[in-house]
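Everything below concerns the one structure shown next.
The values are calculated or read from the model by the stated rules, or taken from the named source; none is laboratory data. Keep in mind the model is a prediction, meaning the values are calculated, not measured. Cβ coordinates were reconstructed from backbone atoms using ideal geometry, including for glycine residues, and neighbour counts include every protein chain displayed. Heavy atoms of the whole protein, side chains included, go into the accessibility calculation; ligands, DNA and RNA do not. Shrake-Rupley method; radii C 1.70, N 1.55, O 1.52, S 1.80 Å.
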Amino acid sequence: MTTLSRSTLFWQRQLLILLALAVFFVALVLPFCMAVLWSLVDPSTPWAYPAVLPPVLSLRRWVEIWTTSALPQAMYNSYTLAACVSILTLLLAMPTAYAFGRMEFPGKAVAQMLTLVPLILPGFVSAIFFSALLIELGLYSRFLGILIGHTVGLLPYAIRLLSVSFSMVRQDLIDAARDLGASRMVVFRTAYLPVLKPGLLAALIIVFILSIEEFAISYIVGAPDFTTVPTILYSYLGYNFIRPNAAAVSLILVVPNVLLMLIAERLLKSADPAVMTGKG
Amino acid sequence: MAQASTALSVRSASLRYGTFQALSEISFEASQGQLVTLLGPSGCGKTTLLKAIAGFIPLDGGTVEIKGQDMQDVPPEKRDTAMCFQSYALFPHLTVADNIGFGLRQRRLGAQDIATRVAAVAEQVGLSSQLGKLPGQLSGGQQQRVALARAMAVRPGVMLFDEPLSNLDAKLRDHVRMEIRALQREHGFTAVYVTHDQAEALAMSDLVIVMRAGVIEQMGRPEDIYRFPANRFVADFIGTANIMPLRILDVDRTRGEYKVSSPLGEAVVRSDTPPVSDHIYACWRPEDAQITKPTADAQNRFEVRVTTRTFLGSQCDFSVHPLGDATNRYRIQTHGFAPVSEGETIGVVIAPDAIRFLAEAVR
Amino acid sequence: MKRQRLTPYLLLLPGLFPIVAFMSLVVGMAVSQSIGYFNFAGDDRFSLEFWEGMLSQNQFWRVFWYSARIAILSSLISVMLAYPVALWLRRPFPGSDLISAMIKAPLLVHGLVAAFLFVNFISFQGFLNVALVKLGLIDRPIRMQNDSYAIGVVILQVWKNMPLAFLVITGSVRAIGDDILDAARDLGAGSLARLRRVILPLTLRALQAALILIFIGAAGDWSFQVVAGPTNIQSMAQFMHRVQSDNAAHGWNEAAVVAVMLMALSLFGSLTLAGLMQLIVRRMGR
Ligand SMILES: Nc1ncnc2c1ncn2[C@@H]1O[C@H](COP(=O)(O)OP(=O)(O)OP(=O)(O)O)[C@@H](O)[C@H]1O
Ligand SMILES: [Mg+2]
């Protein structure tokens, strides 16, 4: 009887796993396959209602988007911006994360709460009134404006991730190194760096991804002349819905970020069980 | 099949964790109101056996019967058992009172009855002043007593105690142990009791089960286990034992006497049960040896040299070795003060029936 | 000694100061503009006319309650879907890691991409319509895009936020020890009683956190609404943006009123929901 109930449990579980796979397939795999198909529709012969599959497949759409639209510029903008944002954010976050991870002081809990505030402010509220602030201050550089907005908005993630890394540095290693007469540099290299490296890299990647994905500030502050990948995607989704273009830009937005995120997760797992993930 | 008075019976219970055999062919019975103690080294499967009885882990083979009823398809919540967890497993979000009353509320007792019963049990384990606290605000020993009280409050037919007193100081331990015995007399529950404290095991139990690596090594009344251990493991695990290999030289079947050679010299052993082989292990307890004057003549008198002497107040402990053989050390123990000093040669006498054959041949 | 005590606070400066400064300036900007200061056109002067004007508009309240409704539905449905799955995956079994990874996958998909995928899926010649026609359930494709009940928006919100809820809840569900659940069973608690009296109270904090996070996100939603939402109504963020860009003279001031109301909705709405959840869980635990 025990063996029987064990086996019913087993079959129940298999059934649920199958169900989960089916949901995953319908909710994620299928839509992505459709997006890939749409991006491959040949511009000469449209994919219209009765056809189940596109009549002609080609890469011409990709070439066309690349050569005629603002996408290359947008990608250049997005990636340079993200690089600057991630470096600046990490530099600002490090001292604070050190304090959170390795020190005890009165008011620490309050300070930690305060760092999280940007996460609960609705994105468009901060975007719109940040743009008002920029006008008020007379700061008209779109790039600089978005850089500031992204940096502040992503600081909470970087501080949180790095605090965990710093708190995992072992005090006994530091003490041992100092006890053996190591210089500050050597202490840093032997006790801090091995533990910090994966966390730093992961934070860098995550902030980079989140900056590329950020839409509200990029759109409100940057539009219309500073385009990023999400704002381009939005322009294809808006009033003039150009499906094949939207499909191609979607893939450009998602695929590199997923790959980067997998690397970041690897890095974090090697050091830290709490995995942070992006928001869109 | 089980007799009317058999409250708990475990037959050929086997259990695997993956490929690891945690229990194999465990069988024992306990009648109503008995206290069975499980003894054994860490990791031998005591907690696993309790969990199997409670029903948390299904057996891979064998049965558990409570009051003659097979428990195979009875889920833990329907079994008439209550377990006091080694890890305490207190509900962190409930106060001490609510923890103790958890099982009673599950049994749909009225609020008034619950309150009185909780107060009574809390009194017995000395927690009356802590009822409003959360488990996180208690000391380790207090938490342990909450776990104990929570299990005892439901007055089950079978109580499963997993080292319920391990975290208490000696005085409190004596007190709570007496309360457990009193409760048992009052409500007549059957108990399976895991402990690391052999004195506790010998003092409390009706039946002692010694386990090793998922197997029962020996099972019996406390005095039998102590006096007639089955093998080196049990002899060594219960109390202190001097274990030595013997070779049987001659047998006197009518008197049950055996002439043997031992590291101490030639000796006579009297035993009702014959040895399992001519080259076997035997044991004797430190208190079985008597110190005699060097000149006295007696059966089983051996000359030994004292290497260390430890005075313990009511008794004296010696470590001795046979003359000219420093590799075999034995412990002997005397009551009161013995005028013997280290390095001295003394004579010890061990009665023929104090040396017991173990059911284990020398390989 | 003095310097040492100051050190942590000095270290906090580079990270914390920008955040606090930015947030107080942005929120301050919104609040001041809503009461007539920092005007880009005309003089600064204290005035409640924008508040009066906005709060007396029927359209504003429709938008407000619409966003509140979407936020409540999205957060409740996401949490209700995520909770049983988190319980199911409490203890690892062969294949459970794969399932966790599949559930978390939408977190890596950008909101706009998700909206596109969804719209593409249900569009006139999307997979769903074609499949329904081929199965013979409908004669010809039906129009499902931008449905006026905002079902599409809620589906998208749940699609995107259920993984978030799962992530938050899983941690606390896994933290419940086996022994605690065994103890509850041993004391006579069946599966429903264990859920009510042990599991739910112990995961209440995580449930509340998930509800709050999703509520705030959904109340302030812009992308899903713009791409997949009904065309006859707007969300708070969309309304705010439109008011700001359309109403030339006092657009900023009126948008600021909407912004403050959106912040209030996020704050009080999510806290109310969390409070209600606590009440329900306490009730059930009785
Ligand atoms: N869930 C599990 N999965 C795999 N192995 C387990 C599991 N639980 C226990 N074991 C193994 O089974 C053996 C018996 O464990 P058990 O907890 O019953 O020991 P014990 O006799 O209670 O020990 P202790 O005196 O230390 O409490 C141990 O070797 C342990 O490592
Ligand atoms: Mg144990």
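Details
- Residue list for segment B:77-100, filter: within 16 Å of ligand 1 (Cβ to nearest atom) and facing chain C (nearest Cβ under 9 Å): B:83, B:85, B:86, B:87, B:88, B:89
- Test: residue in segment A:148-170 that is farther than 30 Å from residue A:194 by Cβ, open to solvent by 60 Å² or more (accessible area, probe 1.4 Å) and in a helix (DSSP H, G or I): yes
- So residue C:154, is it over 22 Å from the mean Cα position of the chain (by Cα) and within 29 Å of residue A:26 (Cβ to Cβ): no
- Residues of segment B:25-62 satisfying the condition of being more than 23 Å from residue B:222 (Cα to Cα), away from chain C (no Cβ under 14 Å) and either within 16 Å of ligand 2 (Cβ to nearest atom) or open to solvent by less than 40 Å² (accessible area, probe 1.4 Å) (or both): B:59, B:61, B:62
- Matching residues, segment A:211-255, being without any contact (Cβ under 8 Å) to a residue 24 or more places away in the chain, in contact with a Leu (Cβ under 8 Å, 6 or more places away or on another chain) and open to solvent by 20 Å² or more (accessible area, probe 1.4 Å): A:234
- Residues located in segment B:65-109, provided they are of a type in the set (Lys, Arg) and outside any loop (DSSP other than H, G, I, E, B): B:78, B:105
- Contact annotation: residue pairs with Cβ atoms under 6 Å, 6 or more positions apart or on different chains, pairing a residue in segment B:156-184 that is more than 16 Å from ligand 1 (Cβ to nearest atom) with a partner that is open to solvent by 40 Å² or more (accessible area, probe 1.4 Å), are B:156/B:80; B:157/B:80; B:179/B:124.
- Selection status of residue C:164, modelled with pLDDT under 95, open to solvent by 30 Å² or more (accessible area, probe 1.4 Å) and within 12 Å of chain B (Cβ to nearest Cβ): no
- Where helices (runs of 4 or more DSSP H) fall wholly inside segment C:66-156, the ranges with 2 or more residues that are at pLDDT 90 or above and farther than 27 Å from residue C:258 by Cβ are C:96-104, C:111-122.
- Unmet requirement for residue A:138, which otherwise passes all of (1) touching a residue at least 12 places away in the same chain (Cβ under 8 Å); (2) more than 7 Å from chain C (Cβ to nearest Cβ); (3) open to solvent by 10 Å² or more (accessible area, probe 1.4 Å): (1)
- Among residues of segment B:162-182, those that are within 16 Å of ligand 2 (Cβ to nearest atom) and in a loop (DSSP other than H, G, I, E, B), counted: 5
- So residue B:270, is it among the charged types (D, E, K, R), in contact with a Ser or Thr (Cβ under 9 Å, 6 or more places away or on another chain) and in the same structural domain as residue B:246 (by TED's automatic domain parsing): no
- Lone unmet requirement of (1) open to solvent by less than 40 Å² (accessible area, probe 1.4 Å); (2) of a type outside the set (Ser, Thr, Tyr); (3) at pLDDT 85 or above for residue A:26: (1)
Results for (1) more than 9 Å from chain C (Cβ to nearest Cβ); (2) at pLDDT below 85, shown as yes or no for each residue.
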{"position": "A:236", "(1), (2)": "no, no"}
{"position": "A:244", "(1), (2)": "yes, no"}
{"position": "A:249", "(1), (2)": "no, no"}
{"position": "A:252", "(1), (2)": "yes, no"}
{"position": "A:256", "(1), (2)": "yes, no"}
{"position": "A:261", "(1), (2)": "no, no"}
{"position": "A:267", "(1), (2)": "yes, yes"}
{"position": "A:276", "(1), (2)": "yes, yes"}
{"position": "A:280", "(1), (2)": "no, yes"}
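- Scanning segment B:1-24 for residues that are open to solvent by 60 Å² or more (accessible area, probe 1.4 Å), more than 16 Å from ligand 2 (Cβ to nearest atom) and part of a strand (DSSP E or B) yields B:11, B:16, B:21.
- Check on residue B:187, more than 16 Å from ligand 1 (Cβ to nearest atom), under 24 Å from residue B:64 (Cα atoms), open to solvent by 10 Å² or more (accessible area, probe 1.4 Å) and more than 14 Å from chain C (Cβ to nearest Cβ): yes
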